[in-house]
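K.L.:
Here you go, one structure.
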Amino acid sequence: MTPSDLKELESTLLNKVKSSDSLRNLDNIRVSILGRKGEITEYMKSLSALGNDERKKAGQNLNSLKSSIIEAISVRQNELEAEELEGRLLKEKSDVTLPIRPKTKGSIHPVSQAMEECVAIFGQMGFSVAEGPDIEDDFHNFTALNIPPEHPARQMHDTFYLPESDEGEKLVLRTHTSPVQIRTMENSSPPIRIIAPGRTYRSDSDSTHTPMFHQIEALVIDEETHMGHLKGCIIDFCRAFFGIPDLPVRFRPSHFPFTEPSMEVDIGCSRENDELKIGNFGDGANNWLEIMGSGMVHPKVLEFGGINPQEYQGFAFGLGIDRIAMLKYGIPDLRTFFDADLRWLSHYGFDPLSIPSMIRGL
Ligand code: PHE
């Protein structure tokens, strides 16, 4: 190849590169020049037919041609990329004057809201959250809680019974969150300090009862926990949840098979002209509202949970989340909670983006 042939070849190839009009096209050109069957590659192959000196010279020429092509390709590639970006920027430009598309925002259901507030309050007291299954076996829901078969308390629970499991276990929809006490004792050892929020079921329906409802259970067990701790914990919780620092809280003797002694917990309220107000009474005690059951864990229950009652003791309590949500947010009928009516939800629901709403109870 004469020097002028070489020059001509170079300018033809460079023109090709420069005239490429897209990145894909440029790549095809690169392959046609430098690829395995490319023009320059073919020239390289033909060098073997030449004599030593000639081959060396021609080889050098071809290599420098190759470098200038590679250089040109990279320059062109940068140009094409810039053009492409420019084009996209122009095409995809957004029109900031367009009106926004209305977006619907969901809201937090009052039950979720109340549950989160409870978890936040107990979290600050050092409790952690435990869970158990909605479909419970008879042992965890009743027997281990000191409610043997034929015990009258079983009738009071209006239990939904399910077909037996394959292993012949009697199954129920759990009637309270107390079985989580047993499951926690089985799976851990004291000190225990848990709360268990969740769904519970009883065959019951009126303005304050629905077949599915929610409870939150608390369980504390260690060597020295006593009634004073139970009372302090419950009073602090009630005042934090309702946001009323001097909320009157009353403990009334009661009975549960799984606690001894047992107490029902009432909070002070007043009823004036059909209006129910939680908290201080103004001119004195006017009314009480029962909001939870509580007591010192029965020694038999500790034994069922695999804990030695000679060594450990503790307290437990359980309350209806839906009920305290109705009271705190002023919602009159429980059944509306589960109607899935969007108008109801947007009225009683909570703004998901408002963080203070989550910790209002603190
Ligand atoms: N499980 C009881 C109920 O559903 C409440 C409770 C829990 C009472 C723990 C005492 C201790 O009514």
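K.L.:
Filter region 177-195 for residues that are surrounded by fewer than 23 Cβ atoms within 10 Å (Cβ to Cβ) and either within 13 Å of the ligand (Cβ to nearest atom) or basic (Lys, Arg) (or both) and give the result.
P.N.:
Within region 177-195, 183, 184, 193, 194 qualify.
K.L.:
So which of 57, 45, 37 is within 13 Å of residue 1 (Cβ to Cβ) and either out of contact with any helix residue (DSSP H, G or I) (no Cβ under 9 Å at 6 or more places or on another chain) or outside any helix (DSSP H, G or I) (or both)?
P.N.:
57
K.L.:
Cβ-Cβ below 7 Å, separation at least six or inter-chain, first residue in region 314-336 and within 16 Å of the ligand (Cβ to nearest atom), second in a strand (DSSP E or B) and of a type in the set (Phe, Trp, Tyr): which pairs?
P.N.:
Close Cβ pairs satisfying both conditions: 320/213; 322/213.
K.L.:
Could you figure out which of (1) touching a strand residue (DSSP E or B) at 6+ places or on another chain (Cβ under 9 Å); (2) open to solvent by less than 10 Å² (accessible area, probe 1.4 Å); (3) modelled with pLDDT of 95 or more; (4) not hydroxyl-bearing (Ser, Thr, Tyr) isn't true of residue 261?
P.N.:
Of everything listed in (1) touching a strand residue (DSSP E or B) at 6+ places or on another chain (Cβ under 9 Å); (2) open to solvent by less than 10 Å² (accessible area, probe 1.4 Å); (3) modelled with pLDDT of 95 or more; (4) not hydroxyl-bearing (Ser, Thr, Tyr), residue 261 misses just condition (2).
K.L.:
Same structure, new question: Taking region 296-313 only, how many residues are touching a residue at least 40 places away in the same chain (Cβ under 8 Å) and either of a type in the set (D, E, K, R) or within 10 Å of the ligand (Cβ to nearest atom) (or both)?
P.N.:
6
K.L.:
Run down 276, 289, 302 and say which single residue is hydrophobic (A, V, I, L, M, F, W, C), assigned by TED's automatic domain parsing to the domain that holds residue 148 and open to solvent by 30 Å² or more (accessible area, probe 1.4 Å).
P.N.:
276
K.L.:
Name the one entry in 122, 160 that is touching a residue at least 40 places away in the same chain (Cβ under 8 Å), out of contact with any Asp or Glu (no Cβ under 9 Å at 6 or more places or on another chain), open to solvent by 20 Å² or more (accessible area, probe 1.4 Å) and within 16 Å of the ligand (Cβ to nearest atom). Break it down stepwise before answering.
P.N.:
Working: 122 fails: open to solvent by 20 Å² or more (accessible area, probe 1.4 Å).
Result of the check over 122, 160: 160.
K.L.:
Restricting the search to region 209-259, which residues are more than 13 Å from the ligand (Cβ to nearest atom) and assigned to a loop (DSSP other than H, G, I, E, B)?
P.N.:
210, 211, 223, 224, 225, 226, 243, 244, 245, 246, 247, 248
The values are calculated or read from the model by the stated rules, or taken from the named source; none is laboratory data. Bear in mind that the values here come from a model prediction, so they are computed numbers and not experimental data. Note that we place each Cβ from the backbone using ideal geometry, even for glycine, and neighbour counts take in every protein chain shown. Quick note on the areas: whole protein, heavy atoms, side chains included, nothing else; ligands and nucleic acids left out. Shrake-Rupley method; radii C 1.70, N 1.55, O 1.52, S 1.80 Å.
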